[in-house]
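The values are calculated or read from the model by the stated rules, or taken from the named source; none is laboratory data. As the structure is a computational prediction, the values presented were derived from the model and not from experiment. FYI the Cβ positions are ideal-geometry reconstructions off the backbone, even for glycines, and counts take in every protein chain you see. Remember, those area values only see protein heavy atoms, side chains included, never the ligands or the DNA or RNA. Shrake-Rupley method; radii C 1.70, N 1.55, O 1.52, S 1.80 Å.
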Amino acid sequence: MNVKTIKRHVMTGISFMVPVVVGAGLCQALGVILGGPDVANSTGLIYYIYKTGNLAMSTMIIPVICAAIAYSIADKPGIAPGLVVGLISAEIKAGFLGGVVGAFLVGYFVNWMKKSIKLPESMKGLMPILIIPFVSSLVCGFLMFTVLGKPIAFIMEALTGFLTSLSTGSKFLYGFCMSAGSAFDFGGPVNKTVSLYTTAMLADGIYEPKACHMVACMIPPMGVLVAWILSKVFKKPIYTNDEKENLKACFPMGVCMITECVIPLAMNDLWRVVLSSVLGGSIAGGLCMMWGVASPVAHGGWFVIPTFTNAGGFVAALALGSVVMGVSLFLLKRRLSAEQVEYGIDVPVEQGEAADINITF
């Protein structure tokens, strides 16, 4: 198992997860727009719209990516145990990271079962519908509860504790560090940890941390677009044609505070995109905290900005952070030739076939 193989499986999981995030996020945002910040306590049609998105966001994301990665590794027999292990990861607070680790456990365990268990011809039909789902769910679920899940949950808890310890220090430093985590992995385990922490603060009536988290989630989609605009203005191509297709989703998803759309771009140029995102997001978060920006809602993107305390400060921080990320990314990214733009960054010009594209970190 090499880095390229791991990347391929993770990208498959992300491709299954993103539509769930988009659909759920838009339902949740629409509910907030129509029902206001107290929509969670309302009833009727608007509440059902909000709750549909809220349930999917809170319960579906980890099981879906876990099942999809297991499917990528072990084909259809990996789906059922992948869903089970994903639910366990969510239950024990191992989060997104636990789901990804659990998915690889499930996938390779199912592959081992398929190769190792030999049944008579008359009983082979039982393998995909009975033996593999039952045994793999039993074994991988037990290991997730007892071996893998606990240290991962400890890591997630430690990240939350670190954020809490910062709350007594400098306001700018507090917002800077918290937003750096939010912008680091585009909806991944660090981002989800910050989200849980800021949501807990929201429940206690402390609204400033959530604003820092939200601005850092909205900056990556805007930042990659700013970098694209700069590349057009200065005629310095930095994105391949495939990456430009991914960019089309960034603006509407960024408006709705869906940061996962940046993951495909980040996977092709990891350290440059992550560094630029953290730089822009952390500066914006520090400014939000210093300027007293507060968000009474947990989600909603641009649509809920009017409900913020010091909404103008939030907009200014969002714009500044997006520009900082965009300029940083434009300066850091490699300039591409016409052939590289068309076929991919690492493809020799003479190959010229999409099937030969080999994108690396």
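What the table below lists for this structure:
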{"quantity": "Residue with peak Gaussian network fluctuation, the chain [Cα springs, cutoff 10 Å], from VAL135, VAL32, VAL84", "calculated": "VAL135"}
{"quantity": "Value at 222 nm in deg cm²/dmol, rounded to 500, when DSSP H runs of n ≥ 4 in the chain each add -39,500 (n - 2.57)", "calculated": "-23000 deg cm²/dmol"}
{"quantity": "Range in the chain, longest, excluding exposed GluC sites (Glu not before Pro) [loop by DSSP; at most 13 other beta-carbon atoms within 10 Å]", "calculated": "1-349"}
{"quantity": "Over 21 Å between alpha carbons, listed pairs LYS150/LYS192; LYS4/LYS248; LYS4/LYS115", "calculated": "LYS4/LYS248; LYS4/LYS115"}
{"quantity": "Solvent accessible area, Å² - TYR197, 1.4 Å probe, full protein context", "calculated": "10 Å²"}
{"quantity": "Selection from LEU230, LEU97, MET218 lying farthest towards where the dipole of the chain points positive, charges on Cβ", "calculated": "LEU97"}
{"quantity": "Residue among GLY35, GLY125, GLY23 with the largest mean-square fluctuation in a Gaussian network model of the chain, springs linking Cα atoms under 10 Å", "calculated": "GLY125"}
{"quantity": "The chain: relative contact order as a whole-number percent, Cα under 8 Å and 6+ apart", "calculated": "16 percent"}
{"quantity": "Simple Cβ-charge dipole of the chain, Lys/Arg +1 and Asp/Glu -1, about Cα centre, in debye nearest 20", "calculated": "260 debye"}
{"quantity": "³J(HN,Hα), Karplus 6.51/-1.76/1.60, whole Hz, each residue of the range 66-77, x for Gly, Pro", "calculated": "5, 5, 5, 5, 4, 5, 4, 7, 10, 6, 4, x"}
{"quantity": "For the chain, built as a Gaussian network whose Cα springs stay under 10 Å, the top-fluctuating residue of VAL215, VAL262, VAL233", "calculated": "VAL233"}
